Amino acid sequence: MRRDTTSWFSHNLGMEMPLVAYGHAGYPLLMFPTAAADYLEYERFYLIDAIKEFIESGKIRAYSINSVNRYSLLNKESHPAWKVEMLTRYDKYIMEEVLPLIRNECGQDAKPLTTGASLGALLAANTYFKHSDNFRGTIAMSGSYDIYNYLESFYDDNVYYNNPMMYLKNLNDDYHLPRLQKADSIVIATGQGAFEAPDKSREFSALLHSKGIPHMLDVWGHDVSHDWVWWRKMLPYYLEKFFS
């Protein structure tokens, strides 16, 4: 399997941001790590191995990036205003730095599919729903889609525009909503076992339904916990549906 790493100083984030790409060709898959993890997390926990059939056959090329969660939502020392400012800067990093790199390698019209587990599911979903004209869809696994519990009741525009449960509720425009209503690649997946929060996925699904946004809500069994063994089963299962 081809494996390429690169890194650069992000002008949006003010820090070095590494990236790894797996594969030689295929549809771009943009992967967001869990919690405060890094760009190599999906490799360390064998999720890349779980999808290597798609990578080696040239069906997908997977790009895994760092998050800024340790400086943002998970930073208990930071003021909530800085936490969400970092999310906004992270969004600009993706759009202005990562997406051009992907399109340079996969074609200027490429619209990556986003994916992530746990907190990575929030980032993957947020990226897609904010930029539905630049991304194909999202496979969000074991996520929660409301950031408000990280913010000590703080609220500003950055909170609103990085919180899918907020901005989608009020989405009634003539640009993004019609695109979302034609979506064919949105998966909201969750288990019902230890440390999962299936009601969060059901709540998000209900919001999407209320907006006429087609998607798959897939609630796995009570034995399915918030853990890698299940995400290694989930991701190839959904990729098979999109890239069989």
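Values in this text are rule-based calculations from the coordinates and carry no lab data. Quick caveat: nothing in here was measured; it's all calculated off a predicted structure. Neighbour counts run over all protein chains shown; Cβ positions are idealised from the backbone, glycine included.
One table, with the values for the structure above:
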{"read-out": "Above-threshold pairs, the threshold being 18 Å between Cα atoms, out of Lys200/Lys241; Lys76/Lys130; Lys130/Lys169; Lys52/Lys130", "value": "Lys200/Lys241; Lys76/Lys130; Lys52/Lys130"}
{"read-out": "Calculated FRET value between Glu77 and Asp174, using beta carbons and R₀ = 41 Å, to 0.05", "value": "0.45"}
{"read-out": "30 Å tail of the calculated P(r), the chain, as % of Cα pairs", "value": "20"}
{"read-out": "Neighbour-count ranking [beta-carbon atoms within 10 angstrom, fewest first] of Thr127, Thr114", "value": "Thr127, Thr114"}
{"read-out": "Percent of beta bridges antiparallel (DSSP, the chain, rounded to nearest 5)", "value": "35"}
{"read-out": "Cβ-based net charge around Leu235, under 14 Å, with every Lys or Arg adding one and every Asp or Glu removing one", "value": "-2"}
{"read-out": "Mean Cα-pair separation over length for region 3-243, i.e. relative contact order, pairs under 8 Å, 6 or more apart, %", "value": "17"}
{"read-out": "5 angstrom amide H check on Tyr27, placed H, neighbours 5+ away", "value": "Ile60, Arg61"}
{"read-out": "Relative contact order (%) - criterion: Cα under 8 Å, at least six apart; region: region 182-235", "value": "47"}
{"read-out": "Estimated [θ] at 222 nm from DSSP helical runs (n ≥ 4, -39500 (n - 2.57)) normalised by residues in the chain, nearest 500", "value": "-10000 deg cm²/dmol"}
